[in-house]
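None of the figures in this text is laboratory data; all of them are computed from the coordinates on show. Remember, predicted model here, so these are calculated numbers, not experimental data. Methodologically, a virtual Cβ is constructed for each residue, glycine included, from the backbone with ideal geometry; neighbour enumeration extends over all protein chains shown.
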Amino acid sequence: MATTLFDLTGKIALVTGASRGIGEEIAKLFAEQGAHVIVSSRKLDGCQSVADAIIAAGGSAEAHPCHVGNMEQIADIFAYIKEKFGKLDILVNNAATNPYFGHILDTDLGAYTKTVDVNIRGYFFMSIEAGKLMRDNGGGSIINTASINALQPGPMQGIYSISKAAVVNMTKSFAKECGNLGIRCNALLPGLTKTQFAGALFTNEDIYKTAINTIPMHRHAEPREMAGTVLYLASDASSYTTGECIVVDGGMTL
């Protein structure tokens with residue numbers, strides 16, 4: 001049920017990487033607050049399961065696959081949104097990839113290219129297409145899921161950490177140039193969160209212990225804990241918040 005402070009009734013929200021993990025929790029929370037959510041990820045089946053769960057709970061959602069590393073699929077989903085809704089109020093760039101876990105010197109071109117195509121190029125052109133729709137309809141909110149690795153590179157996660165640092169500066173660049181168009185641009189920097197995507201960090205005991213010891217509360221987060229901050233950034237309650245990068249596990253805002 002929508003609250004007065006975070007009411008998203010009438011809003012159209014596109015959440016990428018929403019078939020599981022943090023994206024799934026964001027999509028469900030947006031729907032609880034009244035938004036119509038376009039649940040998007042690479043594969044339709046996972047998206048449809050989340051959309052069905054939202055509808056069963058009384059929310060409004062639909063599934064639409066989109067691989068953000070594919071420029072044609074980016075064009076297709078925005079053509080669909082423009083034709084069906086004529087607007088987009090909220091974009092959450094949450095889809096990401098991390099195909100390589102190992103020493104940075106052993107990074108091959110394939111892993112580098114895949115990471116950059118999804119985590120940087122994908123976010124950039126998704127933001128451009130969303131921004132054009134928002135500009136033509138009086139504004140909106142773009143929220144990028146970055147990572148704590150943007151500030152301090154994670155062990156064995158070189159190119160992923162580099163890509164997430166780029167997302168932070170990308171967010172600030174869009175905020176600087178789009179704020180006067182009524183488009184808010186912010187980034188979420190999750191710390192250690194238990195998702196399938198972050199599985200390698202949880203199965204490697206040494207890395208997990210090291211990571212936990214750097215977190216003030218000495219615990220990992222659950223995906224649902226990330227969703228509330230994104231809801232705030234998407235809502236009118238954050239109408240003066242733009243160009244900020246919120247670090248959820250360290251309790252600080254940049």
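Side notes on the structure shown:
- The label-point distance for ASP45 and THR9, in a model that sets each label 7 Å from Cα toward Cβ, rounds to 3.8 nm.
- Neighbour net charge for LYS172 - beta-carbon separation under 15 angstrom, K R +1, D E -1: +1
- Here ASP136 and TYR112 are evaluated by their C-beta separation; at R0 = 25 Å the FRET efficiency comes out at 0.10.
- Fewest-first ranking of ILE128, ILE183, ILE120, ILE142, using other Cβ atoms within 10 Å as the exposure measure: ILE128, ILE120, ILE183, ILE142
- Partners for LYS82 among aspartates and glutamates (Cα-Cα distance below 14 Å; same-chain residues under 8 apart left out): GLU129, ASP136
- Gyration tensor (alpha-carbon) shape descriptor, region 1-156, a/c threshold 1.5: prolate
- Theoretical FRET efficiency, 1/(1+(r/R0)^6), r = Cβ-Cβ of ALA79 and GLU177, R0 25 Å, to 0.05: 0.55
- Candidate aspartates and glutamates - alpha carbon under 13 Å from LYS28, same-chain residues fewer than 8 apart omitted: ASP52, GLU62, GLU225
- Taking every Cα-Cα distance in region 27-91 and sorting them into 5 Å bins starting at zero, the pair-distance distribution P(r) comes out as 4, 19, 26, 24, 20, 6, 1 percent.
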